[in-house]
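The values are calculated or read from the model by the stated rules, or taken from the named source; none is laboratory data. Please read all numbers here as calculations on a predicted model, not as lab measurements. Positions of Cβ are generated from backbone atoms using ideal geometry, with glycine treated the same way; all protein chains shown enter the neighbour counts.
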Amino acid sequence: MKKLFFTLVIAGLGFIANAQPPAGDAKPGEWYGEKVSTEGAVDLNDVVKKLNGGSMFPEVKIKAKITEVCPKKGCWLKLELEDGETAMVKMKDYGFFLPLAAKGKTVIIDGEVNLKTTSVAELKHYAEDAKKTKEEIDAIKEPKKEVKVMAKGIVIVE
Amino acid sequence: MKKLFVIFLFSGLVVFSLSFSKKNLRDIYSGPVSDWPAPFVDESVKWNELGVLPESPVEKQRDSLKHVIELGKTLFFDTRLSGSGKISCATCHQPALNWADGKEKSIGHEGAINKRNSPTIQNSWFYKRLFWDGRSSDLQDQAFAPINSETEMHSEMPDVMRKLRKVNSYKELFKKAFGDEQIDPDRLTEAIAVFEKTIVSRKSRFDNFLEGNKKALTNSELRGLHLFRTKAKCMNCHSGPLFTDNQFHNSGFSGNDDGYYKVTHKEEDMGKFKTPSLRDVMKTGPWMHDGLQKDMPSIIEKFNKADLPAGKDKLIQPLGLTKREKNDLLAFLHAISAEPLEFQKPDLPE
């Protein structure tokens, strides 16, 4: 009952939590953040091969396929890598978001690529967001070496 | 002799009419708003009359929301929300500086210079969209961004959650606010948003005048008020009791920043930014989205000449203001600016 009261108070003010990714079809040509030209993009896998511990490419234009979009706000993406792993994308300044429809699309991203270690807590949080089961979340015990991308702009190409 | 008499009569008339018009302006604006002269606004403009500082809608629920507000206030001042543990929301929104930071651009993580000027959070409950470029649709959504931005607080929500969950008094604060001890990003941002909605301006001398104190404004400020509404065409954008139309305009100051265009992807929105409230404007400089305007008289002069880069809004036109008129306008901007309300900073959980 008390909880209902809280919910009503908050809902009555229109503050109910409704974080969600933006609407949109993510059709080829649609863009997010900075407007990116498609010229000069290189395959993400080729960039990753040149990365070794701690190195980074501060300005690079990569082409890759999106395998996952943050279901809560559209504020992060995962990109397919040929070794079966994924690369984690975040948006510069937390400044823009992608619609869920971007999943499965090939994109060109203008930004920074580097190799980073992701903490267990962070990995668990992403798992929670992705609505993984408790067992799957509990199974996360090791930090993960991960290719990270900080995107300034993203354009859908196919 | 006759000529002298005519001159005498004429100058007497001039003196009489001048003093009459002065008295008149005070009388007119002391009277009901419905009797005020119509403002000079372009036909396309939807405007609202100026008025007394409105109350935040949260004010009426202050009692039922007091624990949410208390939690939000605590979080707003807590540097645990940043990656370095050195930055809180209040670093760039300082109560003593009318909840802005007085800097051209705010300094974020490890000295990183942010992209835009930190706006005041006073009266932010009113805005339909947040950020200079309108990329957030509400205060709760907005609150996510500085925490997660690598140049601002440089944190990650999971890290913030981990830090807060270790603090017993936060469990208590979340429980009081939301009914149980769960600490999550939605609750955190919601509490901050509700707290922010309680932050408003102090009533200015302009409000005192509207509420019946006929002497609250000087002659110059009154002329400024009249000019603001008429010849200077300020109400084309800065209308209503909060002096903003809640819209986006390219006022010619955009520089290389695409502004609202990046949100809407519409060509017509290139270089547009949210119309800021002019409440407390003389306390919240430097001005504009990039903080590059440091001097209000020169801003007034730029609008006066409308000598601004291409792409500016059609609502900005040459005004032909005299030196005295520009001074009067400036005086009026002072009359709508007040010291911030007293504010008691929260005790932060150990």
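Against the criterion of being within 14 Å of another protein chain (Cβ to nearest Cβ), surrounded by fewer than 21 Cβ atoms within 10 Å (Cβ to Cβ) and in contact with a strand residue (DSSP E or B) (Cβ under 9 Å, 6 or more places away or on another chain), residue B:115 does not qualify. In the stretch B:57-101, of all residues being assigned to a loop (DSSP other than H, G, I, E, B), of a type in the set (A, V, I, L, M, F, W, C) and over 17 Å from the mean Cα position of the chain (by Cα), the one that is nearest to residue B:128 (Cα to Cα) corresponds to B:65. Screening the stretch A:30-142 for strands (runs of 3 or more DSSP E) wholly inside it with 1 or more residues that are within 12 Å of another protein chain (Cβ to nearest Cβ) and of a type in the set (A, V, I, L, M) returns the ranges A:86-91.
Taking the numbered list (1) surrounded by 20 or more Cβ atoms within 10 Å (Cβ to Cβ); (2) of a type outside the set (Ser, Thr, Tyr); (3) part of a helix (DSSP H, G or I) in turn, residue B:186 passes all entries but (1).
Results for (1) surrounded by fewer than 17 Cβ atoms within 10 Å (Cβ to Cβ); (2) in contact with an Asp or Glu (Cβ under 8 Å, 6 or more places away or on another chain); (3) closer than 19 Å to residue A:55 by Cα; (4) at pLDDT 95 or above, shown as yes or no for each residue.
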| residue | (1), (2), (3), (4) |
| --- | --- |
| A:80 | no, no, no, yes |
| A:107 | no, no, no, yes |
| A:124 | no, no, no, no |
| A:130 | yes, yes, no, no |
| A:134 | yes, no, no, no |
| A:145 | yes, no, yes, no |
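Using the structure shown, decide if residue A:86 is among the polar types (S, T, N, Q), within 22 Å of residue B:151 (Cα to Cα) and buried (at least 16 other Cβ atoms within 10 Å of the Cβ).
Working: among the polar types (S, T, N, Q): yes; within 22 Å of residue B:151 (Cα to Cα): no; buried (at least 16 other Cβ atoms within 10 Å of the Cβ): yes.
In short, no.
The single condition from (1) of a type in the set (Asp, Glu); (2) more than 12 Å from every other protein chain (Cβ to nearest Cβ); (3) in contact (Cβ under 8 Å) with a residue 40 or more places away in the chain that residue B:181 fails is (3). Scan the stretch B:196-213 and give yes if some residue there is within 30 Å of residue A:22 (Cα to Cα), within 12 Å of another protein chain (Cβ to nearest Cβ), more than 22 Å from the chain's Cα centre (by Cα) and part of a helix (DSSP H, G or I), otherwise no. No, every residue in the stretch B:196-213 fails to be within 30 Å of residue A:22 (Cα to Cα), within 12 Å of another protein chain (Cβ to nearest Cβ), more than 22 Å from the chain's Cα centre (by Cα) and part of a helix (DSSP H, G or I).
Only one of the numbered conditions (1) touching a His at 6+ places or on another chain (Cβ under 6 Å); (2) among the hydrophobic types (A, V, I, L, M, F, W, C); (3) not in a helix (DSSP H, G or I) is violated by residue B:282, and that is (3). For the stretch B:135-147, taking the residues that are surrounded by fewer than 23 Cβ atoms within 10 Å (Cβ to Cβ) and outside any loop (DSSP other than H, G, I, E, B), the one that is nearest to the other protein chains (Cβ to nearest Cβ) is identified as B:145.
Of all residues in the stretch B:161-175, at least one satisfies being more than 10 Å from every other protein chain (Cβ to nearest Cβ) and part of a loop (DSSP other than H, G, I, E, B). The set of residues from the stretch B:31-58 being touching a Lys or Arg at 6+ places or on another chain (Cβ under 6 Å) and closer than 17 Å to residue B:230 by Cα comprises B:39, B:40. Please go through (1) in a helix (DSSP H, G or I); (2) surrounded by 13 or more Cβ atoms within 10 Å (Cβ to Cβ) for residue B:298 and return the number of the only condition it doesn't satisfy. Condition not satisfied by residue B:298: (2).
For the stretch B:85-101, the count of residues that are farther than 25 Å from residue B:250 by Cβ, within 13 Å of another protein chain (Cβ to nearest Cβ) and crowded, with 18+ Cβ neighbours inside 10 Å is zero.
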